[in-house]
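Undergrad: The structure is given below, and queries will be raised subsequently.
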Amino acid sequence: MFTGIVTDIGTVRSTEARGDLRLVIGCAYEMADVALGASIACSGACLTVVDKGPDWFAVDISQESLSKTAPGLWQEGARLNLERALRLGDELGGHLVTGHVDGLAEVIGLCPEGDSTCVGLSVPAALGPMLAPKGSVTVDGVSLTVNEVSDHGDATHFSVNVIPHTWQHTTFGDLAVGRRLNVEIDVLARYLQRMTAARTAPLDK
């Protein structure tokens with residue numbers, strides 16, 4: 001589990017195509033405190049540390065993960081929002097995040113609002129019922145609050161405000177219209193959607 005509070009920005013140093021894709025990611029973590037097998041959220045995707053050095057760790061990304069995550073993340077030079085797994089007793093600064101990507105969002109607008117930036121995003125309509133104003137959403141591993149939601153046929157649009165601190169301490173400073181990002185719906189909304197669907201589904205005879 002994670003909280004959606006980014007604690008470092010990593011950089012993909014190298015990639016190697018094996019059975020899975022092996023990535024070496026440079027970081028500022030004290031890697032002596034990170035065990036092999038530990039989980040680190042990389043731009044919202046929970047990945048397992050399979051090797052490490054003083055200032056880097058390696059992960060293997062399956063074809064399933066490659067097919068479900070944003071393009072451009074897993075290539076040399078890419079910058080990733082990093083968060084180590086939540087420990088019991090840690091402060092829950094964002095919201096509970098599993099590190100399982102539910103879909104991709106496309107940036108459709110960037111608008112200054114005071115010192116912050118309003119980011120407009122578009123997701124497939126299937127995710128729309130699980131987004132609500134003032135609810136939580138994780139975008140590229142960052143816990144954010146939904147401002148507004150509107151449905152548009154086969155897509156749902158929503159907006160979030162990114163404060164200057166978040167803009168400067170995540171990869172959001174690189175955002176541009178058209179870029180696609182990993183999205184994780186609030187886990188409570190995910191369960192409620194499933195419960196509602198099961199309740200309204202016809203019973204098997």
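Undergrad: Just checking, how many residues over the stretch 90-140 are of a type in the set (D, E, K, R), within 19 Å of Leu175 (Cα to Cα) and out of contact with any Leu (no Cβ under 9 Å at 6 or more places or on another chain)?
TA: Number of matching residues: 2.
Undergrad: What about Glu64, is it more than 15 Å from Asn182 (Cα to Cα) and either charged (D, E, K, R) or under 18 Å from the mean Cα position of the chain (by Cα) (or both)?
TA: no
Undergrad: Only residues that are surrounded by 11 or more Cβ atoms within 10 Å (Cβ to Cβ) and either on the phi > 0 side of the Ramachandran plot or at pLDDT below 95 (or both): list them for the stretch 175-205, please.
TA: Once the filter is applied, which keeps residues that are surrounded by 11 or more Cβ atoms within 10 Å (Cβ to Cβ) and either on the phi > 0 side of the Ramachandran plot or at pLDDT below 95 (or both), the stretch 175-205 yields Ile185, Asp186, Val187, Leu188, Ala189, Arg190, Tyr191, Leu192, Gln193, Arg194, Thr196.
Undergrad: Related question: Please find, among His165, His95, His100, the residue that is part of a loop (DSSP other than H, G, I, E, B) and either in contact with a helix residue (DSSP H, G or I) (Cβ under 7 Å, 6 or more places away or on another chain) or closer than 24 Å to Ala78 by Cα (or both).
TA: Sole residue among the options that is part of a loop (DSSP other than H, G, I, E, B) and either in contact with a helix residue (DSSP H, G or I) (Cβ under 7 Å, 6 or more places away or on another chain) or closer than 24 Å to Ala78 by Cα (or both): His100.
Undergrad: If I ask for residues that are out of contact with any Phe, Trp or Tyr (no Cβ under 7 Å at 6 or more places or on another chain), assigned to a loop (DSSP other than H, G, I, E, B) and farther than 18 Å from Thr117 by Cβ, which ones from the stretch 129-146 would you list?
TA: Correct list: Ala132, Pro133, Lys134, Gly135.
Undergrad: Any idea which of (1) crowded, with 21+ Cβ neighbours inside 10 Å; (2) at pLDDT 95 or above; (3) within 25 Å of Ser159 (Cβ to Cβ) is the one Val97 doesn't satisfy?
TA: Val97 satisfies every listed condition except (2).
Undergrad: Any residue that is at pLDDT 95 or above, within 23 Å of Phe57 (Cα to Cα) and in contact with a Lys or Arg (Cβ under 7 Å, 6 or more places away or on another chain) - is there at least one of those in the stretch 141-158?
TA: no
Undergrad: Further question on the same structure: Somewhere in the stretch 34-47, is a residue part of a loop (DSSP other than H, G, I, E, B), outside the structural domain of Val107 (by TED's automatic domain parsing), on the phi < 0 side of the Ramachandran plot and touching a residue at least 40 places away in the same chain (Cβ under 8 Å)?
TA: Yes: one or more hits.
Undergrad: Still on this model: If only one of Ala41, Ala85, Ala17, Ala58 is loosely packed, with under 15 Cβ neighbours inside 10 Å and either among the aliphatic types (A, V, I, L, M) or modelled with pLDDT under 95 (or both), which one is it?
TA: Going through Ala41, Ala85, Ala17, Ala58 in turn, just one is loosely packed, with under 15 Cβ neighbours inside 10 Å and either among the aliphatic types (A, V, I, L, M) or modelled with pLDDT under 95 (or both): Ala17.
Undergrad: Moving on. Which of the residues spanning the stretch 1-33 are within 17 Å of the chain's Cα centre (by Cα) and assigned to a loop (DSSP other than H, G, I, E, B)?
TA: Met1, Thr3, Gly4, Ile5, Val6, Thr7, listed by residue number.
The values are calculated or read from the model by the stated rules, or taken from the named source; none is laboratory data. This structure is a prediction, so every number in the text was calculated from the model and none was measured. Please note: Cβ atoms are built from the backbone with ideal geometry, for glycine as well, and neighbour counts cover all protein chains shown.
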